[in-house]
Amino acid sequence: MKELLEILARALVDNPDAVQVNQEEKENAIVLELRVAAEDMGKVIGKQGRVARAIRTVVRSAGGKLGKRVVVEIVQ
Amino acid sequence: MSTKEAMGKTVEEAVAAALAELGVGREEVEVEVLEEPGRRILGLIPRGQARVRVTVKQSGAEVARRFITDVMRAMGVEARVEVEQKEEFLYMNLSGNNLGKVIGRRGDTLDALQYLLNMVVSRKMGEHVRIFLDAEGYRQRREESLIRLAHRVSERVKRTGNRVVLEPMTPHERRIIHTALQNDRQVYTLSEGEEPYRKVVVTLRR
């Protein structure tokens, strides 16, 4: 799922090398922290968060069978 | 993506050399000038050479196929990707087993992928590219079932006189319901609420 989030983010931003994803396994959730270059924040969030919502939908769907909640956090 | 660097006495000559090596036409590439040929001063200092980098442009279909293939691999889904260009639109269809993950609940994952695909390809191509993504004919089936739902609901509204609020739908799905009932003289349809929870309401026409 980390790889999936990286692929999605890299395709959307101007600075693909600055994309970093950190995956953390918690008891009942998998937390993915996405970091991008400051000027690319808007590109992964989108108007009214549409891009972020689409990213979350796809990543959650990919992790659906794991029985854990998948959380995508976009961090500064 | 194939790229070639070439030199020549002028930029034009360098580009021509690169095109000859790549075997493509001028309109199929992007040219980056790395070095302009130097100015000759009083005919004493020899002119420097022009150096260019020529890159073959990918088509929208290729960029789209690449992106969706990478995404599906990372999702652990195996599927065949078909791309068809009709007028200015690209139609992509995925076929394979277990495409449930790609479609999602009521097609929400398919819609999300389609949205991202449009963003990514338009950005890469530097122009707005409209792409429709389907998996195993899901959208066609969904459209048929929405039309059946519309007729069923309109019958219920006529029978009971009560308005019926449908579940939240995407703009495209709501349009299918509105269109299915637009010629029905006894009921009329409208949308209520805010995206992404906007719903179609079917009521008696008065």
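Only the coordinates and a few stated rules stand behind these numbers; no lab work does. Bear in mind that the values here come from a model prediction, so they are computed numbers and not experimental data. In this analysis, Cβ positions are derived from the backbone assuming ideal geometry, glycine residues included, and neighbour counts consider all displayed protein chains.
Some observations on this one:
- Highest-fluctuation residue, B:A64, B:A50, B:A180 considered, GNM on chain B with Cα pairs under 10 Å: B:A50
- Virtual spin-label span in nm between B:T179 and B:S145, 7 Å along Cα→Cβ: 1.9
- Segment B:V31-B:A16, extension gain: residue separation times 0.36 nm, minus the distance between their alpha carbons: 4.3 nm
- Hydrodynamic estimate: the Kirkwood radius of the protein assembly as shown over Cα pairs, inserted into Stokes-Einstein at 25 °C and 0.890 mPa s, corresponds to D of 109 µm²/s.
- Computed over chain A with a Gaussian network model linking Cα atoms closer than 10 Å, the most mobile of A:R50, A:R35, A:R60 is A:R50.
- With Cα atoms, 0 to 90° folded angle of helix A:2-12 axis to chain A main axis: 20
- Within the shell of other residues whose beta carbon sits under 12 angstrom from the beta carbon of B:R139, the net charge comes to -3, with Lys and Arg scored +1 and Asp and Glu -1.
- Restricting segment B:81-181 to GluC sites (Glu not before Pro) that sit in a DSSP loop and have at most 11 other Cβ atoms within 10 Å of their own Cβ leaves B:E87, B:E88, B:E127.
- Among B:L90, B:L34, B:S59 the positive-end extreme of the charge dipole of segment B:1-141 (Cβ point charges): B:L34
- Chain A: angle of helix A:50-62 to the longest principal axis, Cα-based, in degrees nearest 10: 30
- Aspartates and glutamates whose Cα lies under 12 Å from that of B:K4, excluding same-chain neighbours fewer than 8 positions away: B:E21, B:E30, B:E32
- Quarter of Cα convex hull surface for segment B:1-137, i.e. mean projection, nm²: 10.5
- Full-stretch length increase - A:A37, A:A18 - with 0.36 nm per residue and alpha-carbon distance subtracted: 6.3 nm
- Cross-link reach is defined here as a Cα-Cα straight distance under 22 Å, omitting same-chain residues fewer than 8 places apart; for A:K43 the lysines meeting it are A:K2, B:K124.
- Under the simplified labelling scheme, the B:R163-B:E5 pair shows an inter-label distance of 6.8 nm, with each label point 7 Å from Cα along Cα→Cβ.
- Here r is the Cβ-Cβ distance between B:Q49 and B:K86 and R0 is 41 Å; the resulting FRET efficiency, rounded to 0.05, is 0.35.
- Build a GNM of chain B with springs between Cα atoms under 10 Å apart, and of B:R80, B:R130, B:R53 the one that fluctuates most is B:R53.
- In the protein assembly as shown, the DSSP-assigned H stretches of four residues or longer account for a calculated mean residue ellipticity at 222 nm of -12500 deg cm²/dmol, using -39500 (n - 2.57) per stretch and the full residue count as denominator.
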